[in-house]
Amino acid sequence: MIHLASIIISLGLLIWLAYRGWSILLLAPLCALLAAALAGQPLLAHWTQTFMGSAAGFVAQFFPIFLLGALFGKLMEASGAVEAIAQGLIGRLGTQRAMLAIVLAGALVTYGGVSLFVAFFVLAPMGHALFKAANIPHRLMPAAIALGTSTFTMTAMPGTPAIQNAIPMPFFGTNPFAAPGLGLIASAVMLGCGLAWLHRAQSRARAAGEGYSYVGGHAEQSAAESDLIRERAVASREFDPNEIARGAHAPNKPSAMMAALPLITVVAVNLLMSFIVLPRLDADYLAQPRWGATSLGAVSGVWSVIVALAAAIVVLLCTAWRRLPSLRETMDAGANAAVLPMLSVASLVGFGAVIAALPSFEIVKQWVLGIEGGPLVSLAVATNTLAALTGSASGGLTIALDALAPTYMQLAHSVGIDPGLMHRVAVIGAGTLDSLPHNGAVVTLLAVCGTDHRSSYGDIVMTAVAGPLIALVVVIALGGMFGAF
């Protein structure tokens, strides 16, 4: 029992200190060593072999996506493309549909590969102007932004280039479009539930005579400069907020159509690579030890996202380089924005590897696998729980799959479950309870919008937690009846 307590104590300490702003880079190895010490395991071996081996493996697999994703997001922001897309959409929908405009603007840019942190810092000031014109309480703005940026475009939409959608691909041999029909249904459920709640909240506020009342200013700038927010944020998503203000911005914005071209490129190239180019590629050489003794199925999903983001960056540079006054500085900022989040998530993965290597973890594993409802339910519970505890969808998802993916693949083969279905369940599961109060993206979003947990978190729960949970139940039910489609 003392060995099981070592897992609980170390995980509790990690959560508590991370919420207080301590760096994950320091906490993860410290708490992993504490767990190993309490379990009577060799400390140095666990640090240099277990922890670092797993963390290095995560970096080796996903660094290109972190790098290209952050670079693309920074270039889109600095070129004015994100703002142009949002303004174009808002102009079409008007202030009478302010809530829908903010949700769809966030969804469009994040599905096209822009980091949600970039979307936060662009959409927040625009949201204030829009909500003020429509006389909507600004406390509802974080929930609207979260619905568009942190739910269906992160976990459910087929082909989304989000890192969360990429993580299961090497484990299950899937591509970014895994279970596309179920993904679309889940997206519709999340969007429908979220918009219904926001409409209800707006109507109740109007009936109570509550309108826009924010009197602060430049909340997004102070949030970007907060060290506490930064430490919480970098372990939860793939962009370092400190780099938002770096690099010169374009003096004028492109047209909305020109600004959307790189986003269209991401989706189109991702689709092309996943279903036409890579399936026809002769990649038998990958089985050789010099290439890691792997297979095309294990790497094709990551390759699709890498090529899609790289192509979008080329398109963006070709169309916007004249308007970027300091291209080198902007690109440096984008590259730097990937480093701390990547290493923070990798450290969480290393922590999870040490925990999974402890003898007492077998008890946890058997409990998870023994959950009633079958493999899909237990997989959803595992990713949900770990994402909630770590406050990171990507960290929780990788920890769960590192420890349990081989077992789930065996179960899938034995009972006839499509790996694409497991992929979609795992990703949606990780994107539900990760949005608890200690999540770095939640803390950042509230700060950027100039509000707090007391005023706005209840609405975030309904749009970013309740809706995705309902969608997860729907996907598991439909997948259990009809399989992946």
**Report entry** Filter result for SER10 (open to solvent by less than 20 Å² (accessible area, probe 1.4 Å) and in contact with a helix residue (DSSP H, G or I) (Cβ under 7 Å, 6 or more places away or on another chain))
**Finding:** yes
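Each row is one residue, and each column tells you yes or no for (1) within 17 Å of GLY467 (Cα to Cα); (2) open to solvent by less than 20 Å² (accessible area, probe 1.4 Å); (3) hydrophobic (A, V, I, L, M, F, W, C).
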residue	(1), (2), (3)
TRP367	no, no, yes
ILE371	no, no, yes
ARG424	yes, yes, no
VAL427	yes, yes, yes
Report task. Kindly indicate the residue of the range 345-359 that is surrounded by fewer than 22 Cβ atoms within 10 Å (Cβ to Cβ) and either of a type in the set (A, V, I, L, M, F, W, C) or touching an Asp or Glu at 6+ places or on another chain (Cβ under 6 Å) (or both) and also nearest to ALA39 (Cα to Cα) among those meeting that condition. Result -> ALA357
Query - Near pairs, Cβ below 7 angstrom, 6+ apart or cross-chain, from the range 22-38 (β-branched (Val, Ile, Thr)) to any residue that is open to solvent by less than 50 Å² (accessible area, probe 1.4 Å) - result: ILE24/ALA18; ILE24/ALA235; ILE24/SER344; ILE24/SER347; ILE24/LEU348
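Going through ARG246, ARG237 one at a time, which residue ends up being open to solvent by less than 10 Å² (accessible area, probe 1.4 Å), at negative phi and outside any helix (DSSP H, G or I)?
Working: ARG246 fails: open to solvent by less than 10 Å² (accessible area, probe 1.4 Å).
Within the list ARG246, ARG237, the selection yields ARG237.
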Report summary line: Just one listed residue, out of VAL277, VAL302, VAL339, is part of a helix (DSSP H, G or I) and farther than 30 Å from THR50 by Cα, and it is VAL277
Query raised in the report: Right, GLY480: crowded, with 21+ Cβ neighbours inside 10 Å and modelled with pLDDT of 90 or more or not?
Result: no
Query raised in the report: Among all residue pairs at least 6 apart or on different chains, which show Cβ distances below 6 Å where the first residue, located in the range 366-386, is touching a residue at least 60 places away in the same chain (Cβ under 8 Å) and the second is acidic (Asp, Glu) and open to solvent by less than 50 Å² (accessible area, probe 1.4 Å)?
Result: none
Query raised in the report: Since ARG139 meets every condition but one in (1) open to solvent by 10 Å² or more (accessible area, probe 1.4 Å); (2) at positive phi, which condition does it not meet?
Result: (2)
Query - Search result, residues across the range 317-344 that are within 15 Å of LEU68 (Cα to Cα) and open to solvent by less than 30 Å² (accessible area, probe 1.4 Å) - result: THR330, ALA333, GLY334, ALA337, ALA338, PRO341, MET342
Query - Test set (1) within 22 Å of VAL442 (Cα to Cα); (2) assigned to a helix (DSSP H, G or I) - TRP22 fails condition number - result: (2)
Report task. Among the residues of the range 435-471, count how many are polar (S, T, N, Q) and closer than 19 Å to ILE24 by Cβ. Result -> 3
Report task. Could you list all residues from the range 147-166 that are assigned to a helix (DSSP H, G or I), open to solvent by less than 10 Å² (accessible area, probe 1.4 Å) and in contact with a Ser or Thr (Cβ under 6 Å, 6 or more places away or on another chain)? Result -> LEU147, THR149, THR153, ILE163, GLN164
Report task. Check whether at least one residue in the range 213-225 is among the polar types (S, T, N, Q), at pLDDT below 80 and not in a loop (DSSP other than H, G, I, E, B), and report yes or no. Result -> yes
Report summary line: Residue pairs within 7 Å by beta carbon, gap of at least six or interchain, first lying in the range 277-293 and of a type in the set (Ser, Thr, Tyr), second surrounded by 10 or more Cβ atoms within 10 Å (Cβ to Cβ) and in a helix (DSSP H, G or I), listed first then second, are TYR285/TRP291
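Here is a check on your reading of the model: is VAL461 surrounded by 23 or more Cβ atoms within 10 Å (Cβ to Cβ) and in a helix (DSSP H, G or I)? Let's see the steps before the verdict.
Details: surrounded by 23 or more Cβ atoms within 10 Å (Cβ to Cβ): no; in a helix (DSSP H, G or I): yes.
Spelling it out, it is not the case that VAL461 is surrounded by 23 or more Cβ atoms within 10 Å (Cβ to Cβ) and in a helix (DSSP H, G or I).
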Query raised in the report: Filtering the range 85-136 down to residues that are surrounded by fewer than 24 Cβ atoms within 10 Å (Cβ to Cβ) and assigned to a loop (DSSP other than H, G, I, E, B), which residue is modelled with the highest pLDDT?
Result: ASN135
Requested in this report: Scan the range 18-57 for residues that are open to solvent by less than 40 Å² (accessible area, probe 1.4 Å) and at pLDDT below 85 and jot them down.
Outcome: ALA18, GLY21
Report task. Starting from the range 417-441, take each residue that is over 15 Å from VAL377 (Cα atoms) and list its partners that are charged (D, E, K, R) and in a helix (DSSP H, G or I), counting only C-beta distances under 9 angstrom and pairs at least six apart or across chains. Result -> HIS438/ARG232; ASN439/ARG232; GLY440/ARG230; GLY440/GLU231; GLY440/ARG232; ALA441/ARG232; ALA441/ASP434
Report task. State whether the residues of the range 364-376 include one that is farther than 26 Å from GLY53 by Cα, of a type in the set (Phe, Trp, Tyr) and in a helix (DSSP H, G or I). Result -> yes
Query raised in the report: For GLN41, all conditions in the list (1) under 30 Å from PHE120 (Cβ atoms); (2) more than 21 Å from the chain's Cα centre (by Cα); (3) not in a helix (DSSP H, G or I) hold save one; what is the number of the exception?
Result: (1)
Report task. Determine, yes or no, whether PRO289 is at pLDDT 90 or above and either within 25 Å of ASN336 (Cα to Cα) or open to solvent by 70 Å² or more (accessible area, probe 1.4 Å) (or both). Result -> yes
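The values are calculated or read from the model by the stated rules, or taken from the named source; none is laboratory data. In this text, all values refer to a predicted model and were calculated from it rather than measured experimentally. A quick note on method: Cβ atoms are made from the backbone with ideal geometry, for glycine too, and the neighbour counts reach across all protein chains shown. Side chains included, ligands, DNA and RNA excluded: accessible areas come from the protein's heavy atoms. Shrake-Rupley method; radii C 1.70, N 1.55, O 1.52, S 1.80 Å.
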